[in-house]
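Trainee: I'd like to ask some things about the structure below.
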Amino acid sequence: MRVGIIGGGQLARMLILAGYPLGLRFTVLDPARDACAAPLADHICAPYDDRDALARMAEDCDVITYEFENVSLEGLEELEGRTRIHPPLQALAESRDRLREKNLFRRLDIPTAKFLPIDDEGDLGEAPKTLGWPFLVKTRRFGYDGKGQILVRTAADMERAWRELGGQPLIGESFIPFQREVSMIAVRRRNGDTAFYPLSENVHKDGILHVARCRPGDSQTATAQDYARRLLEHLDYVGVLALEMFEVQGRLLANEMAPRVHNSGHWTIEGSEISQFENHLRAILDLPLGDTEPVGHAAMVNFIGVLPTLADVLEQPGVHCHFYGKAERPGRKVGHATVRASSARALEARLHHLLALLP
């Protein structure tokens with residue numbers, strides 16, 4: 001069986017590495033000649049909206065999936081009926097627009113922070129009446145890793161937000177003084193079988209995920225699973241779905257969803273029986289889902305901008321290293337490591353040593 005992946009970055013790379021032992025073959029579509037997944041697959045080097053390239057992929061592949069949201073929705077819609085596409089395009093359409101996404105959460109009774117559309121400068125001026133101070137102004141599309149958003153504390157900040165982000169659809173959101181950030185990684189097969197990984201507790205730095213800890217038995221697990229299940233069933237979802245949330249005074253508020261494998265689930269490669277990557281492939285190919293139980297205590301550390309020295313990392317016990325083969329650049333995810341231990345205390349000690357190696 002051949003799987004087509006729109007996008008050739010590290011998520012595609014890890015999907016391919018998970019699929020090799022299953023005997024799967026892959027084609028990636030990515031405009032970058034040095035896409036880090038390209039050496040592991042047949043590479044169609046073309047823009048994401050290239051209709052001829054998409055048609056070639058549809059002809060060659062048994063199923064098509066995608067590794068990020070900013071692909072050509074319109075191009076993929078033209079392929080429906082010609083090949084299977086998972087996750088469903090409705091999930092892609094909802095998740096790539098922050099306002100549509102928040103309205104979907106509202107319809108499914110999944111709590112969120114207060115929000116409102118900002119279509120012009122007048123809407124921005126009225127926003128504090130609904131959202132209070134401070135509040136966030138975000139682009140509705142193309143925002144990731146903290147990009148496309150400004151925290152507004154004063155009228156001067158409002159002017160800057162409009163100057164830098166205005167002229168495109170925006171959304172305003174109340175600023176949430178959360179206790180922690182968590183995410184639920186869920187997976188659903190075409191026949192409706194569903195599985196959940198333990199809750200991940202996440203720490204961000206400069207808007208980019210820095211550390212994700214597996215939290216088996218967390219008190220918020222049942223609530224997080226309930227919210228994710230509502231999305232899976234409403235969307236008739238197939239594949240891995242990540243739901244990111246804030247915990248605020250004992251409540252979970254949904255922040256955003258990702259219709260794909262997710263950075264906060266990278267620890268599952270060595271930290272669970274079957275990784276999110278293999279389970280995504282199983283789901284979209286309608287194969288039995290694998291066990292999502294953790295193997296001991298696990299966490300993931302992102303390498304941002306520059307890589308640590310490989311020998312130094314590998315000297316640490318219980319550490320599994322993943323370098324993506326990407327050029328180092330500020331703010332770029334160039335690798336990660338999974339850290340495993342037999343106890344929570346030992347895990348924290350190993351994390352401390354690993355984090356000390358990072359620039």
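Trainee: Among the residues of segment 283-340, which ones are under 22 Å from the mean Cα position of the chain (by Cα) and of a type in the set (Gly, Ala, Ser)?
Mentor: 283, 290, 298, 299, 305, 325, 327, 331, 335, 337
Trainee: Right, another one. Quick one: residue 111 ticks every box in (1) touching a Pro at 6+ places or on another chain (Cβ under 7 Å); (2) under 30 Å from residue 155 (Cβ atoms) bar one, so which box is it?
Mentor: Here residue 111 clears every test but (1).
Trainee: Which pairs turn up if I take residues in segment 183-197 that are under 23 Å from residue 253 (Cβ atoms) and look for partners that are surrounded by fewer than 18 Cβ atoms within 10 Å (Cβ to Cβ) and at pLDDT below 95 with beta carbon separation below 8 Å, at least 6 apart in sequence or on another chain?
Mentor: Correct list of pairs: empty, since none qualify.
Trainee: For residue 87, which of the numbered conditions (1) farther than 30 Å from residue 251 by Cα; (2) surrounded by 22 or more Cβ atoms within 10 Å (Cβ to Cβ) fails to hold?
Mentor: Of everything listed in (1) farther than 30 Å from residue 251 by Cα; (2) surrounded by 22 or more Cβ atoms within 10 Å (Cβ to Cβ), residue 87 misses just condition (1).
Trainee: Scan segment 116-123 and give yes if some residue there is out of contact with any Leu (no Cβ under 8 Å at 6 or more places or on another chain), exposed (fewer than 13 other Cβ atoms within 10 Å of the Cβ) and assigned to a loop (DSSP other than H, G, I, E, B), otherwise no.
Mentor: Yes, there is a match, as at least one residue in segment 116-123 is out of contact with any Leu (no Cβ under 8 Å at 6 or more places or on another chain), exposed (fewer than 13 other Cβ atoms within 10 Å of the Cβ) and assigned to a loop (DSSP other than H, G, I, E, B).
Trainee: Here is a follow-up. Got at least one residue in segment 282-291 being surrounded by fewer than 24 Cβ atoms within 10 Å (Cβ to Cβ), closer than 28 Å to residue 63 by Cβ, at pLDDT 95 or above and touching a Phe, Trp or Tyr at 6+ places or on another chain (Cβ under 6 Å)?
Mentor: no
Trainee: I'd like the residue in segment 199-235 that is assigned to a loop (DSSP other than H, G, I, E, B) and on the phi < 0 side of the Ramachandran plot and, out of all such residues, is farthest from the chain's Cα centre (by Cα).
Mentor: Restricting to residues being assigned to a loop (DSSP other than H, G, I, E, B) and on the phi < 0 side of the Ramachandran plot, the top hit is 219.
Trainee: Okay, next question. Would you list the strands (runs of 3 or more DSSP E) that sit entirely within segment 142-198 and hold 1 or more residues that are aromatic (Phe, Trp, Tyr)?
Mentor: Here the list reads 194-196.
Trainee: Filter segment 91-104 down to the residues that are within 21 Å of residue 181 (Cα to Cα), touching a helix residue (DSSP H, G or I) at 6+ places or on another chain (Cβ under 8 Å) and not small (Gly, Ala, Ser), then identify the one that is surrounded by the fewest Cβ atoms within 10 Å (Cβ to Cβ).
Mentor: Among those that are within 21 Å of residue 181 (Cα to Cα), touching a helix residue (DSSP H, G or I) at 6+ places or on another chain (Cβ under 8 Å) and not small (Gly, Ala, Ser), it is 96.
The values are calculated or read from the model by the stated rules, or taken from the named source; none is laboratory data. Being a predicted model, the structure only gives us computed values, none of them experimental. FYI the Cβ positions are ideal-geometry reconstructions off the backbone, even for glycines, and counts take in every protein chain you see.
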